[in-house]
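Below is one structure; the comments refer to it alone.
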Amino acid sequence: MNSKDKIVFSRTLYKADWENSKLIKENIAEELIKMKHQSGKDMIIFGSGVIVSLFAELGLIDQYLVMINPVILGNGNLLFKGIHERLKLQLFRLEIFDSGNLLLSYEPYKTLV
């Protein structure tokens, strides 16, 4: 993980100390759109429901990977807090692990023309 390129979206940090990290503080959506149009490898979002919600509403997410763990907490953060419009997704892969975890792979629903 340390050797991989990373992008940190933050309005509060002044610098990103993690190895191979780039800090983006403003125009987050515009910056992501520029990155998506560059050639290279896929990008993955870890650890930010706010960023996921923003990018989802802008139609910038190609796949959603949702891991379900068989633990009931009773409270917590909403997965897609801040989404104002319904996102229609279609399941394209399901993985079941010996632990009981499920990995659900979705993509935005595409209508046939």
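The values are calculated or read from the model by the stated rules, or taken from the named source; none is laboratory data. These figures come from a predicted structure and were not determined experimentally. Ideal geometry is used to build each Cβ from the backbone, glycine not excepted, and the neighbour counts take in all protein chains shown.
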When only residues in the range 54-73 that are of a type in the set (V, I, T) and either without any contact (Cβ under 8 Å) to a residue 40 or more places away in the chain or assigned to a helix (DSSP H, G or I) (or both) count, which is farthest from L94 (Cα to Cα)?
-> I72
Taking interchain pairs and intrachain pairs at least six residues apart, which have beta carbon atoms under 7 angstrom, with the first residue in the range 83-96 and assigned by TED's automatic domain parsing to the domain that holds Y64 and the second assigned to a loop (DSSP other than H, G, I, E, B) and of a type outside the set (A, V, I, L, M)?
-> K88/Y109; L89/Y109; Q90/Y109
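Based on what the data block shows, is I68 closer than 23 Å to K4 by Cβ and aliphatic (A, V, I, L, M)?
Values: closer than 23 Å to K4 by Cβ: no; aliphatic (A, V, I, L, M): yes.
The answer is no for I68.
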Going through (1) in contact with a helix residue (DSSP H, G or I) (Cβ under 8 Å, 6 or more places away or on another chain); (2) outside the structural domain of Y106 (by TED's automatic domain parsing); (3) closer than 13 Å to V8 by Cβ one by one, K22 fails only at (1)
Hey, can you tell me all the residues within the range 98-113 that are modelled with pLDDT of 90 or more and either under 24 Å from D42 (Cα atoms) or surrounded by 11 or more Cβ atoms within 10 Å (Cβ to Cβ) (or both)?
-> N101, L102, L103, L104, S105, Y106, E107, P108
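Which ones in the range 61-73 are closer than 15 Å to E107 by Cα and surrounded by fewer than 16 Cβ atoms within 10 Å (Cβ to Cβ)?
Residues satisfying the conditions are D62, Q63, L65, V66, M67.
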Is it the case that I51 is assigned to a loop (DSSP other than H, G, I, E, B), β-branched (V, I, T), closer than 26 Å to Y109 by Cβ and within 14 Å of the chain's Cα centre (by Cα)?
-> no
Of G82, G76, which residue is at pLDDT below 85, surrounded by 11 or more Cβ atoms within 10 Å (Cβ to Cβ), of a type outside the set (A, V, I, L, M, F, W, C) and in a loop (DSSP other than H, G, I, E, B)?
-> G82
